[in-house]
Structures are given as structure tokens and as C-alpha cells.
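Chemist: Quick one: this structure, given as C-alpha cells, is what I'll be asking you about.
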Amino acid sequence: MQELNNFLSLIDSFIGSSWWFPYALLGTGLFFTIYLKFPQIRYFRFAFKVVKGKFDKSGDEGDTSHFQALTTALSGTVGVGNISGVALAVHVGGPAALFWMLMTAAVGMCTKFVEVTLSHKYREKAEDGSMAGGPMYYMKNKLNMKWLGIIFALATVLSSFGTGSLPQINSIADSMNSVFGLNQMLVGGVLAVMLGFVIIGGIKRIAAVTEKLVPAMAILYFIGAFAVIFANIGNIVPSFISIFSELFSGSAATGGFLGGTISLAFNKGVGRGLFSNEAGQGSAPIAHASAKGHEPVSEGFVAILEPFIDTIVICTITGLVLLSSGVWNQKHQNNFDYTDIYVMNNSVDFDSREGRLEVIDHVEKVSNEKLYTGDISVANGTIESDIVFIHARSLAEGVVVSQEGQPYTGSIAIADAKPASGFSFSGKSLVHSAPLTTIAFTKGLFGESGKYIVVFGLLLFAFSTAISWSYYGDRAMTFIWGSKSVVYYRIVYVIAFFFAAFTDTTIIWTLSAITIAVMTLPNLVGILMLRKDMKSTVNDFWKGFKEEWPDEKTPE
């Protein structure tokens, strides 16, 4: 199994995790932003009128309202990434990474506008009477490339498991077990039944759930976040300054944070921003294609709001919680993650910026000359060898080595900075992802109880993501094999959801990274090929709108 995971990781390194992938996403968004003259700014206020249903007609075809389509798409994007992704970006790139997340979202608003408009324009009515749309339909109906649509649809089905189902319930079950001691199989069983009840009703039931669930989970999360922000109100202005002050110089070392380069801030900010709102991936257009509407462009306006809410609002609030609370650069007692451990020779100069960034270069695999290989001596859990122990990009303190729950005495083989398996390590170091956000939420008005908001937020965010992605896979199955195949897909989806609660899903994460890229690349190529179609569709919309609503001010 490890060999298969290594092989998939190698493939992913050339596709989804390669250096050029974020630039392809960002470049496409920038192109359409200029080509369509900044629609995310010009049409922003108008989008709210569309969401409210001001221009709806009674005969509009579709399965959901504009608001329900928006909340369904949001429930797929507002997920674990809003809790852990922001924390990871700040952990790696420093406060400047937040700026690049916001800039990426601003560009992503335009990408969403384009892909949703085209997917809604070329949607179809399925055999069962429901609406079916998404990038695969414009690939078939406009580009005459059904084969490419099938590849996209297959990747969507795989991504629905790798993104929407298995890792989500795995995160929920682990969190519930660590905080409340609940059995993972029990958690998986209860939530699998709930998931089955929701998705068996199709898009109408999914939309009915998400239009209530998304606002509820946002309110819960905002209450906890603002409790931290208000408790640390004096740090808000310095937090904002830190986001912008080191944009072009790299983040300076502070506390346990060793510093960050411009490229780290850019790459992590852009990467987390893109995968937070899924702009360009082609998933959200599947949800928006179900919306009632006689004009595809109107649904495109609604989609503009999605990256704004997901990234500019929610991710910014998470970022301010992390920065104002001060926990992001503080060392915390924690159990070390093996993948974050690096053992180095004791020749690192931590007093200079160059020396500290040298450590980061080793973690980023840019350099390996100071990685330690050999044996280290341990006495009663304490490392006696003269080495530097790095965990989570920080110099670890008070490291305790254990084996089977007891302090270890003996030697440990280190190969290329990694300790042999069979040992556990704990101590004080930086933390990242969901654990960092959890700690930050305890620094507010609710004290230690704040961590429960993150736990329940994680539960709601992850569960809602599973609901939405089931629909994406549902429509992809409809495209490939017809409506009758959907029931079998739903059964497998729920069963896999249950088993993933208590099994290792590492290989699924890796496979998902590949399938997301396989979804994204054809979608980006497709919308670029249809750029003239997109521009004429927008122009035709405004021409017709002026004739139908002559007294309404247009934001052209």
C-alpha cells in the first residue's frame, strides 16, 4: 500500500502539486478579469439582487432557487480548509500569506463567474426530469468533446470520495474521539445514516438542508471567532499591518516562527486560496446548474459571491483570530507528527536570518546537506546526542521519546533526518492546521470552551462538504451512465463514508489531489476556448435586460 501511495505522490508532483498548477489557475482568472473588464467588481452589488430573486420568472426551469444553489456550492467549499487551510498557510508563509489568499479569491470570483455561466448555459434535463449541468456538458454540447467530458466526470466521481466523503468523516471521527472519547465506528454509523437520509432525496432535499445548514454553521463559527477578536481587540491593527508590511521582504522571525520567504508566502497563500474556494476546479458549476433561471449569466452573478464569502470573509476572520491571539508563532505542548519531524546536524545558526531560513530550505527539500543520518542516544525519554530536533518548522523544546507509552532508553536510527518507526515524540513546538485554530479559539471570551466551537464547526463544515460532493458525483454518474446509475453510486458513497471513519485514508488524499487536477485542467482549457462565447453571452444578457427592465440601473 505504501508503494502505491508513493507512486501516486510521484504522479501528483507533476500535476496537482507541481509549481505550475497554481499559476495556471491564477493566470486563467487574471485573463478573464481583464478580458471581461473586472466583472467581480462591476457586478458585485447586482449579484445580491439576483440572489434575492428580484428578476426571477415563474416559468424558470430548474430544481433550486439561486440562494439554494449558492448554499449548496458553499457547503462544498466552506469546509475543513477554512479551519485548517488558513492556519497552514500562516504557519508556512507567515501573515503575508493571508494577503495572497485574498488576492487569489478576488481573481477566483471572476473564474467562478465564467465557469458557472457556461455550465448553466449548456445544461440538460436528465431522464428523471432533473437538471444536469457542469463543465462536462459544455464540453459535450459546445466543444463537441464528449470524451473530455467523460474524463472530467470520472475524475469528479473519484474526487467526490477523495474530497467530499472519506477524508471528511475521518477528520470528524478523529476529532470526536480525541475531544469526547466517542467511538469512531459509532460516529461514522450515525453520520452515515444522516448522510443517506439527506442525499437519497436528491438535489431538492440537499438544497433544503444546505440553505439552513450553511447559515447556521457560519453563525456558530463567527460567534467563536469574534469572541477571540474582541478579547484581543488591541492586536487587530498590528495584525492587519503584519499582513501587508512584509509582502515584498518575506516574514521576519518572531517567537517560534523561523521566518518565511516571499515565495513561501505567495505559494502557500495562492495554493490555500485556490483550493479553499475551488475556483476553476469545475465542481461548483454542477450545483449552480440546478438553479432556476432563464438567463445563464444571472447564475454566474450569484457565483461571484461564493469565493467572496468562502475566502475573503471566512478565511480573513480565521486569519485575524490566529494573528490577534498570538498563537501562530508560539510553541505549544503537543504530540509530534512524524511527517513534520526533521533531525539536523548541530551546525545551524539560529541567531541569523540566513541560518533560520536554511532550516526552512531543508524542510522544503531545497537543501539536504545538514540533514542528520546516524544513531542518536536516548536516556529515560531524553535525547542526549548533539543534534537539532525540528518539528513543524520550529526548534523543538523539551522533546520526550516514548515507546509503547513509556519513556524510551536506547538508540534510535536516523536516516535522512527521519527517525525509525516505532517511536513517539512529544514536546513544545509550533503547531499548524486544525490544532492551531483550536488553540486560537481558546484565547477568547469563552476560554477553554472555545475549542468546542472548532470541533462542532469542523463537524458541520465537513458533513456539509460530504453532502454537496455527493451531488457532484451524482451528476457525473448521470452524465456517464444515466440517471439509473445514481442509486448505486449513493449506496457506495454512504458505505464508504461509514468505513472511512475508522480506517486510514492517506492514499485517498493523494488520489484526490490527482483527480482534482484532472478536473481542473480540462475545465480551464475549456473556458479559455469559449472566451468569445462567454463575452457575447454577457453582452446579450445586458441587451435583453435593458429591454425587459428599462427602469433598472445596470452596472455595465
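The values are calculated or read from the model by the stated rules, or taken from the named source; none is laboratory data. Bear in mind the structure is a predicted one, so any value in this text is a computation, not a measurement. Every residue, glycine as well, gets a Cβ built from its backbone with ideal geometry; the counts of neighbours run over all protein chains shown. To get the accessible areas, we keep the full protein, side chains included, count just its heavy atoms, and leave off ligands, DNA and RNA. Shrake-Rupley method; radii C 1.70, N 1.55, O 1.52, S 1.80 Å.
Chemist: Please quote Rg/Rh for the stretch 320-397 to two decimal places, taking the Kirkwood radius as Rh and restricting both calculations to Cα atoms.
Modeler: Over the Cα atoms of the stretch 320-397, Rg/Rh equals 1.00.
Chemist: P(r) of the stretch 433-556 in 5 Å steps, Cα pairs, percent per bin?
Modeler: The distribution over the stretch 433-556 is 2, 8, 9, 12, 12, 11, 11, 11, 10, 8, 5, 1, given as percents.
Chemist: Between Ser536 and Phe44, what's the calculated FRET efficiency when r is the beta-carbon distance and R0 is 30 Å? Round to 0.05.
Modeler: 0.85
Chemist: Still on this structure, I have one more. So which of Lys204/Lys553; Lys57/Lys532; Lys140/Lys212; Lys57/Lys121; Lys54/Lys212 end up more than 26 Å apart, counting from Cα to Cα?
Modeler: Exceeds cut-off: Lys204/Lys553; Lys57/Lys532; Lys140/Lys212.
Chemist: Further question: Using modelled amide H (1.01 Å from N, peptide plane; none on Pro or chain starts), what sits under 5 Å from the amide H of Thr382, excluding residues fewer than 5 places away?
Modeler: Val401
Chemist: Pull out the extension gain between Ile491 and Asp56, defined as 0.36 nm times the separation in residues minus the alpha carbon to alpha carbon distance; nm, one decimal.
Modeler: 153.0 nm
Chemist: Now for a separate question. Given N residues in the stretch 377-510, what is its alpha carbon radius of gyration divided by 2.2 N^0.38 Å?
Modeler: So the Cα radius of gyration is 1.56 times the expected 2.2 N^0.38 Å.
Chemist: Which part of the stretch 105-128 falls in the paramagnetic zone of Leu30, meaning amide N under 17 Å from the point 7 Å along Cα-to-beta-carbon?
Modeler: The answer is 105-112, whose backbone nitrogens lie closer than 17 Å to the label point.
Chemist: Next question, about the same structure. Return the sequence-ordered ³J(HN,Hα) values of the stretch 109-117 in whole Hz as given by the Karplus equation 6.51 cos²θ - 1.76 cosθ + 1.60 applied to θ = phi - 60°, using x for Gly and Pro.
Modeler: 4, 6, 4, 4, 4, 6, 5, 6, 4
Chemist: When the chain is fully extended, how far beyond the present Cα-Cα distance does Gln406 get from Phe240, taking 0.36 nm per residue of separation?
Modeler: So the chain would gain 55.3 nm between Gln406 and Phe240.
Chemist: Roughly how much of Trp147 is accessible, in Å² to the nearest 10, using a 1.4 Å probe?
Modeler: Accessible surface of Trp147 is approximately 150 Å².
Chemist: What do you get for the angle between helix 166-180 and the principal long axis of the chain? Use alpha-carbon atoms, 0 to 90 degrees, nearest ten.
Modeler: For 166-180 against the chain, the angle is about 50 degrees.
Chemist: If I compute solvent accessible area with a 1.4 Å probe over the protein chains, what percent of it on the stretch 52-142 is carbon and sulfur?
Modeler: Exposed carbon and sulfur together represent 52 percent of the surface.
Chemist: When only the heavy atoms of the protein chains count and the probe is 1.4 Å, how do Glu299, Glu547 rank by accessible area, highest first?
Modeler: Glu547, Glu299
Chemist: So, for the chain, what is the accessible surface per residue at a probe of 1.4 Å, expressed in square angstrom?
Modeler: 40
Chemist: Out of every Cα-Cα pair in the stretch 199-325, what percent are more than 25 Å apart?
Modeler: 43
Chemist: Taking 2.2 N^0.38 Å as the expected size of a compact globular protein, what ratio does the Cα radius of gyration of the stretch 77-150 give against it, to two decimals?
Modeler: Against the compact-globule rule of thumb, the ratio is 1.56.
Chemist: Still on this structure, please answer the following. Helix 184-199 versus the longest principal axis of the chain: what angle, 0 to 90°, nearest 10, using Cα atoms?
Modeler: Computed tilt is about 10 degrees.
Chemist: Also: Which order do Ile233, Ile83, Ile387 take by accessible area at a 1.4 Å probe, largest first?
Modeler: Ile233, Ile387, Ile83
Chemist: If you put +1 on each Lys and Arg Cβ and -1 on each Asp and Glu Cβ, how big is the dipole of the chain around its Cα centre, in Debye rounded to 20?
Modeler: For the chain, the charge dipole is close to 1700 debye.
Chemist: List the equivalent ellipsoid semi-axes of the stretch 28-91 in whole Å, largest first, each obtained as the square root of 5λ for an eigenvalue λ of the Cα gyration tensor.
Modeler: The three semi-axes for the stretch 28-91 are 28, 20, 10 Å.
Chemist: Continuing with the same structure: Does anyone have the angle between helix 20-35 and the longest principal axis of the chain? Alpha-carbon axes, 0 to 90°, nearest 10?
Modeler: Its long axis makes an angle of about 40 degrees.
Chemist: Using only helices, what value at 222 nm comes out for the chain when you add -39,500 (n - 2.57) per DSSP H run of length 4 or more and divide by the total residues, to the nearest 500 deg cm²/dmol?
Modeler: -19000 deg cm²/dmol
Chemist: Given a cut-off of 14 Å, what percent of all Cα-Cα pairs of the stretch 272-335 lie beyond it?
Modeler: 68
Chemist: What ranking of Ser263, Ser171, Ser290 comes out by heavy-atom accessible area, probe 1.4 Å, highest first?
Modeler: Correct descending sequence by accessible area is Ser263, Ser171, Ser290.
Chemist: OK, next. Please report the projected area of the chain's Cα convex hull averaged over all directions, in nm².
Modeler: Its Cα hull, projected and averaged over all orientations, spans 25.4 nm².
Chemist: Quick one: dipole size for the stretch 40-194, taken about the Cα centre, charges +1 on Lys/Arg Cβ and -1 on Asp/Glu Cβ, in debye to the nearest 20.
Modeler: Using only the charged Cβ atoms, the result is roughly 680 debye.
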